[in-house]
Amino acid sequence: MFDVIALLLLSCGDIETNPGPHTVILQEILSELKEIKTDITELKVKVYNVEKAVSILPELTKRITDNENEIASLRQC
């Protein structure tokens, strides 16, 4: 039944078939999306490493301050 209706519509002359998206274009889009996903994964790893490095800064700052204070007290002796 659908085929008959489709043929009748096409025979009217003002209706055209829709070929849909081209497979090549879809493959290009898929390839680009995969590259973007890889880039995002790499960025997440880098952000994690930066956050990990930044998280130890307060402890390092405290240790430096403690060492500076100890050096200052040793100089007074």
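Considering the stretch 1-58 at the alpha-carbon level, its Rg and Dmax are found to be 25.3, 77 Å.
Based on DSSP H segments of at least four residues, each scored -39500 (n - 2.57), the chain has a per-residue ellipticity at 222 nm of -28500 deg cm²/dmol.
Annotation for the chain: GluC sites (Glu not before Pro) lying in DSSP loop with at most 11 further Cβ atoms inside 10 Å of their Cβ are GLU16. Taking every full run of DSSP H in the chain, the ones that stretch at least 24 Å from end to end by Cα along their long axis and average -1.0 or higher on the Kyte-Doolittle scale are 23-55, 57-76.
Starting from 0.36 nm per residue, how many nanometres of slack lie between SER11 and LEU57 once their C-alpha separation is accounted for? Mind dumping the intermediate values first?
Numbers: separation 46, 0.36 × 46 = 16.56 nm, distance 7.51 nm.
Between SER11 and LEU57, full extension yields an extra 9.0 nm.
Just checking the listed ones, ILE29, ILE40, ILE64: in the Gaussian network model of the chain with Cα springs under 10 Å, the one fluctuating most is ILE64. In straight-distance terms, cross-link reach from LYS37 covers every one of the lysines whose alpha-carbon lies under 30 Å from its own, apart from those fewer than eight places away in the same chain; here that gives LYS46, LYS52. Fully extending the segment from LYS44 to ARG75 would add 6.5 nm, taking 0.36 nm per residue of separation and subtracting the current Cα-Cα distance.
Since every read-out is calculated from the coordinates, none of them should be taken as a lab result. The structure displayed is predicted, hence computed values, not measured ones. Cβ coordinates were reconstructed from backbone atoms using ideal geometry, including for glycine residues, and neighbour counts include every protein chain displayed.
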